[in-house]
Ligand code: SF4
């Protein structure tokens, strides 16, 4: 693994001026904690920066800082873990222009590639080999108004929609959104999970069963294994 280069402020980077570099918060291997790939060994490339501020965000450490490195180095470090899955996440990875070629190159390497995105950026330019896991921010996040609804039109069977719910009001919002946009017919899976420490998992399960909601309930496996506040696992 090559040594990290200097730390930079993300705000100082011009948008399209650095296509060959990325600002990376961390690259590490673990098991996938969410999605239909849960439990599968995965290398994570976490890019720095996010333009949202979800009330319950658990990766605020990735908002700033990071290490600027050539994209080729990020690819090499992720592939070196030799995991079947590679996920590009953040922060919001699509804020960086180098994220799209990064996804291309990881897919070219023959890995199953996941992208975790807030749903605020346009996902239409993402390599079609990539499994896009797209958040739809419920009102309890404080960022519901930032949803890019046009992304829904681009969802396909390879993609997954993720709804993180803080309370009953969020649940009812999600139930309506799923029905209105037929999300379960557009995407390969619709994932619902409770905000850790805010909504009881038992309550969400009961509501899903009562409404026969066409979703997949999930908990964040990495928090079960390593605890709520552990990072880089
Ligand atoms: S989009 Fe993700 S990284 Fe950004 S504030 Fe929300 S939860 Fe945190």
For residue 163: the one exception among (1) part of a helix (DSSP H, G or I); (2) within 16 Å of the ligand (Cβ to nearest atom): (1)
Unmet requirement for residue 224, which otherwise passes all of (1) at pLDDT 95 or above; (2) under 30 Å from residue 61 (Cβ atoms); (3) out of contact with any helix residue (DSSP H, G or I) (no Cβ under 8 Å at 6 or more places or on another chain): (1)
Output for segment 189-204, where each listed residue is outside any strand (DSSP E or B) and either buried (at least 19 other Cβ atoms within 10 Å of the Cβ) or touching a strand residue (DSSP E or B) at 6+ places or on another chain (Cβ under 6 Å) (or both): 195, 199, 201, 204
Residue match in segment 63-74 (condition: within 28 Å of residue 145 (Cα to Cα), within 12 Å of the ligand (Cβ to nearest atom) and buried (at least 20 other Cβ atoms within 10 Å of the Cβ)): no
Residue within segment 206-220 that is under 27 Å from residue 42 (Cα atoms), at pLDDT below 95 and in a helix (DSSP H, G or I) present: no
Every residue from segment 166-188 that is touching a helix residue (DSSP H, G or I) at 6+ places or on another chain (Cβ under 8 Å) and in a loop (DSSP other than H, G, I, E, B): 166, 167
Residue that is nearest to the ligand (Cβ to nearest atom) [pool: residues in segment 31-43 that are closer than 30 Å to residue 167 by Cα and touching a helix residue (DSSP H, G or I) at 6+ places or on another chain (Cβ under 8 Å)]: 34
In segment 40-62, the residues that are crowded, with 18+ Cβ neighbours inside 10 Å, closer than 14 Å to residue 24 by Cα and in contact (Cβ under 8 Å) with a residue 40 or more places away in the chain: 43, 44, 45, 46, 47, 48, 49, 50
Segment 101-124, residues that are in a loop (DSSP other than H, G, I, E, B) and either on the phi < 0 side of the Ramachandran plot or without any contact (Cβ under 8 Å) to a residue 24 or more places away in the chain (or both): 109, 110, 111, 118, 120, 121, 122, 123, 124
Verdict on residue 154 being surrounded by fewer than 20 Cβ atoms within 10 Å (Cβ to Cβ), touching a helix residue (DSSP H, G or I) at 6+ places or on another chain (Cβ under 8 Å), at negative phi and at pLDDT 95 or above: no
Scope segment 76-99; condition assigned to a strand (DSSP E or B) and away from the ligand (no atom under 14 Å from the Cβ); matching residues: 85, 86
Top-ranked residue of segment 125-147 - restricted to ones that are without any contact (Cβ under 8 Å) to a residue 60 or more places away in the chain, more than 12 Å from the ligand (Cβ to nearest atom) and more than 14 Å from residue 95 (Cα to Cα), ranked as surrounded by the most Cβ atoms within 10 Å (Cβ to Cβ): 132
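The values are calculated or read from the model by the stated rules, or taken from the named source; none is laboratory data. Remember, predicted model here, so these are calculated numbers, not experimental data. Cβ: placed from backbone, ideal geometry, glycine included. Neighbour counts: every protein chain shown.
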